[in-house]
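The values are calculated or read from the model by the stated rules, or taken from the named source; none is laboratory data. Since this is a predicted model, take the numbers as computed values, not measurements. Reconstructed Cβ throughout: ideal geometry from the backbone, glycine too, with neighbour counts over all protein chains shown. We work out accessible area using only protein heavy atoms, side chains counted, and drop any ligands, DNA or RNA first. Shrake-Rupley method; radii C 1.70, N 1.55, O 1.52, S 1.80 Å.
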Amino acid sequence: MATIELPVEQRSPLLERQWRDKPGLLGWLTTTNHKRIGILYFWTTLLLFGAGGTEAMFMRTQLMQPNSHVLGPAEYDQVFTLHGITMIFFFIIPMTTGAFGNYLVPLMIGARDMAFPRMNALSFWVFLASGLFLYIGFASKNGPNGAWFGFTPLTTRPYDPSRGSDFYALALIFNGISSTLTSSNLIVTMLKLRAPGMSLNRMPTFCYAFLAASFGLLFALPALTADCVFLFLDRNVGTHFFDVSKGGSDLLWQHLFWFFGHPEVYILIVPAFGIATAIIPAFTQRKIVAYPLVAIAELLVVFIGFGVWAHHMFVTGIPTISLVFFAAATAMVVIPSAIQVFSWCTSLITGLPRFKTPLLFIAGFIFMFVNGGLTGIMFVAIPFDQQVHDTYFVIAHFHYIIFGAAVFPIFGGMYFWFPKLTGKLYFELPGQISFWIIFAGTNLLFFPMYIVGLLGMPRQIYTYPSGMGWDWYNAAETAGAYLTAIGIVVLFANLVVSWFRGAPSGPDPWLAPTLEWATSSPPPDYNFAVIPTVTSAYPKWDGDLGGTMVLDVGHQQPVSTAADAGLAEVIEMPHSSPLPILLASALALVFGCLVLNKFASAALCVVLCALILVAWFWSPPKTNPGVALWGMTMLVASELTLLSCLVATFWYLRLRAPHWPTGGIPEPHVVVPLVLAGVLLATSWPMHLASRAVRRGRVAAARALLLLALFVQAGYFAYEVNDYRDQLHVFDVTRNAYSSIYYVLLGADHGHVLVGLLLTGWLLFTVRRSAATGIAWYWHFVNVLTVLVVGSITAVNVV
Amino acid sequence: MRALPWIGLFVAPAAWFGQHAVGQAIAQASCSAANLSWGVSNRTWQIVLLVVASVLILAAEAAAVAAFRATEPMSYESPPPAGRARLIAIAAMTTNLIYLVIVLLDGIASIVDIQCRQG
């Protein structure tokens, strides 16, 4: 480890050379630098925001007056569906976690890059490919048309014979891969790469918000993935997950979708909370009030959000006895939100607020969030919810939340960090004008929707007759939409002009407290010439940052302990690589083949992906085993949630059937699969010993133990695959809902066993220290999974 | 002693999530077609879940209070590990009460109202 010997100014050119990307377009295509990836995310999501906004303008123009024909019913269905999908999956999430998270989190915690730089680049290219995939469907007259929540049976083959719902299901799975990679990366970065001294009680509240959103994404997305896989299989393979006549259930779609969908709302707004807690201290020059409660409230709101999903299903007819669970949690999730609102307001009142443009947007956000939040509480009352369900009242509520509470802070954040990205100051007066136009426009747009909703106007109708009392409200909403659009144009025009003509900003024009303001504007590729040492959550207000580590030998980054940020080790980070964009392209081919039902070609493209992954891991950087283990833990957590969704589906379908298995299918064997699962479970022991031997450098012992584990695993896998094939001769996957979930569940388990086998074989071949613990950990997960799957299939018959 | 703040922070959410997931699954099962042969007693299970979850949350609250008192002269801004332990204790003491209220609301409602009528 190098320490400061020369003045930092003389060290910087060396760091500059080592961290610089390749020049030109090639540099952008192969970059792994978090700031460049953040900028790529920013421009891409902005483009998609333009697309989603244009769709909104078409909708509002259509609804401006009764009996309008700007759009036909089919086009309107596609436009409102795409608007919802684009704004949620392709604008707000990637703008917050992808653009703001990527650019700011490493800077705020004093790191030089994300924990997994190549995975970071992969997440962007996958995101871009998934966006193109969705819009290619629209351009080829196969746009999805079943709303952003894609309820069955409307999206099943009999009701949607086009490829629109296939594009929908595959685009969301594809996009989910990107979000899962980003969230895993952010979590490990925040837990393991914090600057020395930045213990959990000194981490900025902005980071707590992004930590909460990342955990939310990691555990919520698998439910959506499972749902979309079922939908794709029902439409293209002939399974019956949502076919009531064959034992399936339409409510299954809703349960899985809203298990993802409600936490998703908090995932959208919690990063905005983080932006607010970064802007308020800078413009009031005081610490945020009740830091510990704000930090935990950000995590709590997402966590409780996982327990409220069925409040979207109050009109589906599920028993009252089930609904009460969700009403209680829905009522209580208000408390952590309220804690934050009180903290922001108290900080503003007791500080010295300077109402510059960023703080104006935060004040507007608080107003909009309280407005949308209060109407959200009204849905706790089940009878009220049932009255306004599927009316414009709901549209008003969630647009106050999603536009008011998520997009306002994003705009505020754009102004706030503009000097950091560009080194220029924006023009203040046009900034304030843009705020007031947007604030007036959004309230004119969304508030009448409450009234028109209470008057009974249903959502998702492409037009309406005159004489319903809705005309003037709709005209006002459309005027509000155009006013909002003008405000947004003023905002971006101001930022573009400021970029070229703004005055130099210096490193910290706001006297802000967090670490990103401690480096130059724009920051150098290596972020900090000297790794800072932190003594509070507001390090820049503590005076001299201190720090002794320069780390100018290669791409070095200190790794810290998760809780207290003590220095653990210095690691070498990967640098620019073409592999992420190649892997994303191969994945795009997989999804392209799937949507065309070219399954053999898709399998070949999967092999291509596997070959790229082999190249990826052929000569990996010297990753810290602790960081690798955290990465594997994130993968396991996501996978375990996905498989838990499959197991829950199995039990859910079982509950709906008086007898099981249905359709005259024979009961599965009990004894042999359980015994074999037990034998497989026993292989965890040699795997554990092998990983320990690898870490201690006992190569021969490690290889012998790995060989033993591999032998048993391969035997199990061969038996199970043979049994699977034999059963397919007795009843196939298309017989009924039981056969569908049975084969999908077992197939998913066998797939994981195969991946575990390949990883064990790879470890046997390489005996790599940094990977040993992670692979052993994955194998333990596979064993738990197998016990869970086999246990469920057998237990259901015993019960 | 070092584990107290973590116990205070993590036990209550686990207890709530367990009660929530298992409780609503049992509620659904008790009103399902499969229950014609299973005979699941909703009320018994909900009482058990309510008691177990409440006891766990109260234990977690006690752990959080103990951790808070053990770090008494320190502030949550103090250097780790004491400062970090105090931050977690403050967070846990607050959130555990929220979990307790949800568990009580869930449990009492599902014991009092055991009808399988459509919602």
Practice item. Report, by residue number, each residue of segment A:290-313 that is open to solvent by less than 30 Å² (accessible area, probe 1.4 Å), over 17 Å from B:Ala27 (Cα atoms) and within 8 Å of another protein chain (Cβ to nearest Cβ). Key: A:Tyr291, A:Pro292, A:Ala295, A:Ile296, A:Leu300, A:Ile304, A:Phe306
Exercise for review: Scan segment B:4-46 residue by residue and report those that are more than 30 Å from A:Ile296 (Cβ to Cβ) and touching a residue at least 24 places away in the same chain (Cβ under 8 Å).
Suggested key: B:Ser30, B:Cys31, B:Asn42, B:Arg43
Point to revise | Options A:Ala718, A:Ala690: the member that is away from chain B (no Cβ under 14 Å), open to solvent by 10 Å² or more (accessible area, probe 1.4 Å) and among the small types (Gly, Ala, Ser) | key: A:Ala718
Point to revise | Residues of segment A:538-566 that turn out to be β-branched (Val, Ile, Thr) and modelled with pLDDT under 90, as a count | key: 3
**Study point:** Scope segment A:322-371; condition open to solvent by less than 20 Å² (accessible area, probe 1.4 Å), within 14 Å of chain B (Cβ to nearest Cβ), under 24 Å from the mean Cα position of the chain (by Cα) and over 16 Å from B:Leu104 (Cα atoms); matching residues
**Key:** A:Pro336, A:Ser337, A:Gln340
Point to revise | Meets criteria (within 30 Å of B:Ser75 (Cβ to Cβ), away from chain B (no Cβ under 14 Å) and either open to solvent by less than 10 Å² (accessible area, probe 1.4 Å) or at pLDDT below 90 (or both)) for A:Glu572 | key: no
Practice item. Give me a count of the residues in segment B:74-119 that are farther than 23 Å from A:Ala331 by Cβ and either open to solvent by 40 Å² or more (accessible area, probe 1.4 Å) or out of contact with any Pro (no Cβ under 6 Å at 6 or more places or on another chain) (or both). Key: 13
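Condition first: of a type in the set (Ser, Thr, Tyr) and surrounded by fewer than 20 Cβ atoms within 10 Å (Cβ to Cβ). Can you find one or more residues in segment A:426-436 that meet it? Break it down stepwise before answering.
Kept after step one, since they are of a type in the set (Ser, Thr, Tyr), are these residues of segment A:426-436: A:426, A:434.
Then drop every residue that is not surrounded by fewer than 20 Cβ atoms within 10 Å (Cβ to Cβ), which leaves none.
Looking through segment A:426-436, none of the residues is of a type in the set (Ser, Thr, Tyr) and surrounded by fewer than 20 Cβ atoms within 10 Å (Cβ to Cβ).
Hey, any hits in segment A:115-132 for a residue that's touching a strand residue (DSSP E or B) at 6+ places or on another chain (Cβ under 9 Å) and either free of Cβ contacts under 8 Å to residues at least 12 places away in the same chain or closer than 30 Å to A:Arg194 by Cα (or both)?
Yes, the conditions are met somewhere in segment A:115-132.
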Study note, to complete from the structure: Taking first residues from segment A:252-264 that are within 17 Å of A:Pro319 (Cα to Cα) and second residues anywhere that are open to solvent by less than 10 Å² (accessible area, probe 1.4 Å) and at pLDDT below 95, the pairs with Cβ under 6 Å that are 6 or more apart or on different chains are A:Gln254/A:Met313
Study note, to complete from the structure: Being assigned to a helix (DSSP H, G or I), farther than 24 Å from A:Gly761 by Cα, touching a Pro at 6+ places or on another chain (Cβ under 8 Å) and of a type in the set (Val, Ile, Thr) narrows A:Thr649, A:Thr641 down to just A:Thr641
Point to revise | Checklist (1) more than 7 Å from every other protein chain (Cβ to nearest Cβ); (2) within 22 Å of A:Asp385 (Cα to Cα); (3) among the hydroxyl-bearing types (Ser, Thr, Tyr); (4) assigned to a helix (DSSP H, G or I) applied to A:Thr316, failing item | key: (4)
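Which residue out of A:Thr32, A:Thr81 is outside any helix (DSSP H, G or I) and within 23 Å of A:Thr96 (Cα to Cα)? If you could, list the steps in order and put the result at the bottom.
Values: A:Thr81 fails: outside any helix (DSSP H, G or I).
That would be A:Thr32, the only listed residue that is outside any helix (DSSP H, G or I) and within 23 Å of A:Thr96 (Cα to Cα).
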Point to revise | All positions within segment B:15-42 that are within 7 Å of another protein chain (Cβ to nearest Cβ), closer than 13 Å to A:Trp651 by Cβ and not in a loop (DSSP other than H, G, I, E, B) | key: B:Gln24, B:Gln28, B:Ala29, B:Trp38
Practice item. Could you tell me whether B:Ala12 is surrounded by fewer than 24 Cβ atoms within 10 Å (Cβ to Cβ) and either outside any helix (DSSP H, G or I) or touching an Asp or Glu at 6+ places or on another chain (Cβ under 9 Å) (or both)? Key: no
Study note, to complete from the structure: Taking segment A:118-142 and keeping only residues that are surrounded by fewer than 24 Cβ atoms within 10 Å (Cβ to Cβ) and more than 22 Å from the chain's Cα centre (by Cα), one is left with A:Ile136, A:Phe138, A:Ala139, A:Ser140, A:Lys141, A:Asn142
Practice item. Restrict the check to segment B:47-69 and report whether at least one residue is without any contact (Cβ under 8 Å) to a residue 60 or more places away in the chain, in contact with a helix residue (DSSP H, G or I) (Cβ under 8 Å, 6 or more places away or on another chain), within 30 Å of A:Pro661 (Cβ to Cβ) and more than 9 Å from chain A (Cβ to nearest Cβ). Key: yes
Review point. How many residues are touching a strand residue (DSSP E or B) at 6+ places or on another chain (Cβ under 9 Å) and small (Gly, Ala, Ser) if we restrict to segment B:65-119?
Key: 1
Review point. Consider A:Leu589 against the criteria (1) crowded, with 21+ Cβ neighbours inside 10 Å; (2) at pLDDT 90 or above; (3) aliphatic (A, V, I, L, M): it satisfies all of them except one. Which criterion is unmet?
Key: (1)
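Of everything in segment A:36-45, what is open to solvent by 10 Å² or more (accessible area, probe 1.4 Å) and touching a residue at least 24 places away in the same chain (Cβ under 8 Å)? Give them in sequence order. If you could, list the steps in order and put the result at the bottom.
Of all residues in segment A:36-45, those open to solvent by 10 Å² or more (accessible area, probe 1.4 Å) come to A:36, A:39-40, A:42-44.
Passing the criteria: A:Ile39, A:Leu40, A:Phe42, A:Thr44.
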Check your understanding: Here is a list of conditions, (1) surrounded by fewer than 20 Cβ atoms within 10 Å (Cβ to Cβ); (2) within 32 Å of the chain's Cα centre (by Cα); (3) at pLDDT 95 or above, and A:Ala481 meets all of them except one; can you say which number that is?
Key -> (1)
Point to revise | Number of the exception - A:Gln386 against (1) modelled with pLDDT under 95; (2) open to solvent by 40 Å² or more (accessible area, probe 1.4 Å); (3) touching a helix residue (DSSP H, G or I) at 6+ places or on another chain (Cβ under 8 Å); (4) in a helix (DSSP H, G or I) | key: (3)
